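Enquirer: Can you keep this structure in mind? I'll have questions shortly.
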Amino acid sequence: MDTKGFEMTRTTPPRPVDIAAVFPELAPLARTTTRLHPRQGKPTPQDSSVGGPLLWPIDEPWPYCDGRQHASGYTSLTTLADVRLLREMLAIAWDHPGPPGAILSDEERTLVRALQKGRHSQTDEPIAMIPVAQLYARDIPDLHPPEGCDLLQVLWCPFDHFDPMPKAKLVWRSSSSVTTVLSEPPQPIVVQSEYYIPEPCVIHPEQVIEYPAPLELDEVLRERIEAWSEREKAGAEAGSAYDQAESAYYQNELSVAPGWKVGGWAPWSFRDPYPMICTVCGAEMKPLLTISSDEWDLGSGSWIPIEDQALDANPTPYPRTPWLPTLIKIGRAYHMQIYICPTSVDHPHAELVQ
């Protein structure tokens, strides 16, 4: 894979166990996925990014969501400008030497509380969608765009639509067809939460191997793997990821990679899997993009890239916490999975919280 233009590679450590050697039935189920490893930066429209500017033609209408869907039920909303201001103020406060927040005056602390709560009211005006991801096929081995396209752009309406989850829009295009780029796209009048505003991030793509989440395995194999996991993690240290959760070893460290990724297996966890079926042709849909609330957690520490392990040991606080690079949060720190039809990208995609 050509990594020209990326500031630093990210390297996932080898898995603690070659699980396909222990359970040969898993070998045929191996899939590649491209971990995106977004990190806060200053991407351009010519870059693959999360939350960065899009290579959007100046003469193409920007997508909007009908604001009347959100005209009630929200009492405290925010704006992109307020989200940026809040994050900037918190970053400056934490960077200041001395006690946390010492640089903030009483007036500034009052403003921070107002920004965190949200200080805007609802509107029934259409809501401009915001960029979530831009992915060039040259960077993402598992993207597989349709013929004639080399670029995927993902936008969403920054309000809950279902599950709770934003409503996404996918745009496939040929980057060479964009001659003049829209430099100042429309912005939504209000947004539901700062958690739906991704911080601009460059990406550091890396292709790795995955296996299905436990819930996607047949019952007999799943029970065998859980029993093996319990033996492997027997006597786990109190308070560790496997204290009273020994059977989660395969799920956490040997199956589905955490974080933002393209392709691979879906991160089924708290809900039972079921086939995602295309509403047009009836084909079973495939995972396209995983939008994750964090890059890793207590149970997935073995997936932390080698280059980030020192940061994890001595983390900086929000909004620069290393395992929260995009500052996105889906539900209770879940994943938003986008599926597409393998028959045609023109068929409606599907979204699910997992």
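Enquirer: Residue 312 versus (1) in contact with a Pro (Cβ under 7 Å, 6 or more places away or on another chain); (2) modelled with pLDDT of 90 or more; (3) more than 28 Å from residue 339 (Cα to Cα): which is the lone unmet condition?
Expert: (2)
Enquirer: Show the residue pairs that are 6+ apart or on different chains and have beta-carbon atoms under 6 Å apart, the first residue being within the stretch 119-137 and charged (D, E, K, R), the second being assigned to a loop (DSSP other than H, G, I, E, B) and exposed (fewer than 15 other Cβ atoms within 10 Å of the Cβ).
Expert: Close Cβ pairs satisfying both conditions: 124/71.
Enquirer: So, one more: Only residues in the stretch 220-240 that are assigned to a loop (DSSP other than H, G, I, E, B) count as the first member; pair them with residues that are surrounded by fewer than 18 Cβ atoms within 10 Å (Cβ to Cβ) and not hydrophobic (A, V, I, L, M, F, W, C), Cβ under 6 angstrom, at least 6 apart or cross-chain, and list the lot.
Expert: Sorted first by the residue in the stretch 220-240, then by its partner, the pairs are 236/243.
Enquirer: When the stretch 254-279 is examined, which residues are found to be more than 21 Å from residue 142 (Cα to Cα) and either touching a residue at least 24 places away in the same chain (Cβ under 8 Å) or touching a Lys or Arg at 6+ places or on another chain (Cβ under 6 Å) (or both)?
Expert: Answer for the stretch 254-279, where residues must be more than 21 Å from residue 142 (Cα to Cα) and either touching a residue at least 24 places away in the same chain (Cβ under 8 Å) or touching a Lys or Arg at 6+ places or on another chain (Cβ under 6 Å) (or both): 269, 270, 271, 272, 273, 279.
Enquirer: Taking the stretch 210-219 only, how many residues are in contact (Cβ under 8 Å) with a residue 60 or more places away in the chain and either more than 29 Å from the chain's Cα centre (by Cα) or surrounded by fewer than 18 Cβ atoms within 10 Å (Cβ to Cβ) (or both)?
Expert: 0
Enquirer: OK, next. Among the listed residues 86, 77, 26, which satisfies the condition of being surrounded by 15 or more Cβ atoms within 10 Å (Cβ to Cβ), aliphatic (A, V, I, L, M) and at pLDDT 95 or above? Let's see the steps before the verdict.
Expert: Working: 86 fails: at pLDDT 95 or above; 77 fails: at pLDDT 95 or above.
Criteria check complete, one pass: 26.
Enquirer: Evaluate the stretch 103-126: report whether one residue or more is part of a strand (DSSP E or B) and closer than 23 Å to residue 42 by Cα. Quick ask: steps written out before the conclusion?
Expert: First, the residues of the stretch 103-126 that are part of a strand (DSSP E or B): 120.
Still in the running and closer than 23 Å to residue 42 by Cα: none.
No, the stretch 103-126 has no match at all.
Enquirer: Scanning the stretch 194-212 for residues that are of a type in the set (Asp, Glu) and out of contact with any Gly (no Cβ under 7 Å at 6 or more places or on another chain), which turns out farthest from residue 263 (Cα to Cα)?
Expert: The first filter runs over the stretch 194-212 and keeps only residues of a type in the set (Asp, Glu), leaving 194, 199, 206, 210.
Imposing the further condition that a residue be out of contact with any Gly (no Cβ under 7 Å at 6 or more places or on another chain) reduces the set to 194, 206.
Working: 194: 27, 206: 12 Å.
That would be 194.
Enquirer: Only one of these conditions is not met by residue 254: (1) crowded, with 22+ Cβ neighbours inside 10 Å; (2) more than 28 Å from residue 324 (Cα to Cα). Which number is it?
Expert: The failed condition is (2).
Enquirer: Every residue in the stretch 298-318 that is surrounded by 12 or more Cβ atoms within 10 Å (Cβ to Cβ) and without any contact (Cβ under 8 Å) to a residue 12 or more places away in the chain, please.
Expert: Across the stretch 298-318, the qualifying residues are 309, 311, 315.
Enquirer: Hey, residue 195 hits all of (1) more than 29 Å from residue 319 (Cα to Cα); (2) assigned to a helix (DSSP H, G or I); (3) of a type outside the set (S, T, N, Q) but one; which does it fall short on?
Expert: Condition (1) is where residue 195 drops out.
Enquirer: Among the residues of the stretch 165-180, are any buried (at least 22 other Cβ atoms within 10 Å of the Cβ) and hydrophobic (A, V, I, L, M, F, W, C)?
Expert: Applying the first criterion (buried (at least 22 other Cβ atoms within 10 Å of the Cβ)) to the stretch 165-180 yields 166.
Imposing the further condition that a residue be hydrophobic (A, V, I, L, M, F, W, C) reduces the set to none.
Scanning the stretch 165-180 turns up no residue that is buried (at least 22 other Cβ atoms within 10 Å of the Cβ) and hydrophobic (A, V, I, L, M, F, W, C).
Enquirer: Taking only the stretch 127-173 into account, find how many residues are among the acidic types (Asp, Glu) and assigned to a strand (DSSP E or B). Working first, answer last.
Expert: At the first step, the residues of the stretch 127-173 found to be among the acidic types (Asp, Glu) are 139, 142, 147, 150, 160, 163.
In the following step, the residues that additionally are assigned to a strand (DSSP E or B) were identified as none.
Adding up the residues that qualify gives 0.
Enquirer: From 153, 207, 134, 192, grab the single residue that is under 21 Å from the mean Cα position of the chain (by Cα) and modelled with pLDDT under 95. Can you show your working first?
Expert: Details: 153 fails: modelled with pLDDT under 95; 207 fails: modelled with pLDDT under 95; 134 fails: modelled with pLDDT under 95.
One residue alone meets the criteria, 192.
Enquirer: Let me ask something additional. Suppose we filter 181, 171, 190, 262 for residues that are of a type in the set (A, V, I, L, M, F, W, C), in contact with a helix residue (DSSP H, G or I) (Cβ under 9 Å, 6 or more places away or on another chain) and under 24 Å from residue 129 (Cβ atoms); which single one remains?
Expert: Values: 181 fails: in contact with a helix residue (DSSP H, G or I) (Cβ under 9 Å, 6 or more places away or on another chain); 171 fails: in contact with a helix residue (DSSP H, G or I) (Cβ under 9 Å, 6 or more places away or on another chain); 262 fails: in contact with a helix residue (DSSP H, G or I) (Cβ under 9 Å, 6 or more places away or on another chain).
Residue meeting the stated conditions: 190.
Enquirer: If you take the residues of the stretch 133-161 that are closer than 22 Å to residue 35 by Cβ and of a type in the set (Phe, Trp, Tyr), which of them is surrounded by the most Cβ atoms within 10 Å (Cβ to Cβ)?
Expert: Among residues in the stretch 133-161 that are closer than 22 Å to residue 35 by Cβ and of a type in the set (Phe, Trp, Tyr), the one surrounded by the most Cβ atoms within 10 Å (Cβ to Cβ) is 156.
Enquirer: So, residue 327, is that one at positive phi and either hydrophobic (A, V, I, L, M, F, W, C) or out of contact with any Ser or Thr (no Cβ under 6 Å at 6 or more places or on another chain) (or both) or not? Please lay out each step first, then the result.
Expert: Values: at positive phi: yes; either hydrophobic (A, V, I, L, M, F, W, C) or out of contact with any Ser or Thr (no Cβ under 6 Å at 6 or more places or on another chain) (or both): yes.
Judged against the criteria, residue 327 is a match.
Enquirer: For the structure I just gave you, tell me whether residue 249 is free of Cβ contacts under 8 Å to residues at least 40 places away in the same chain and of a type in the set (Phe, Trp, Tyr).
Expert: Values: free of Cβ contacts under 8 Å to residues at least 40 places away in the same chain: yes; of a type in the set (Phe, Trp, Tyr): yes.
The answer is yes for residue 249.
The values are calculated or read from the model by the stated rules, or taken from the named source; none is laboratory data. As the structure is a prediction and not an experimental result, all values here were calculated from the model. Virtual Cβ from ideal backbone geometry, glycine too; neighbours counted across all protein chains shown.
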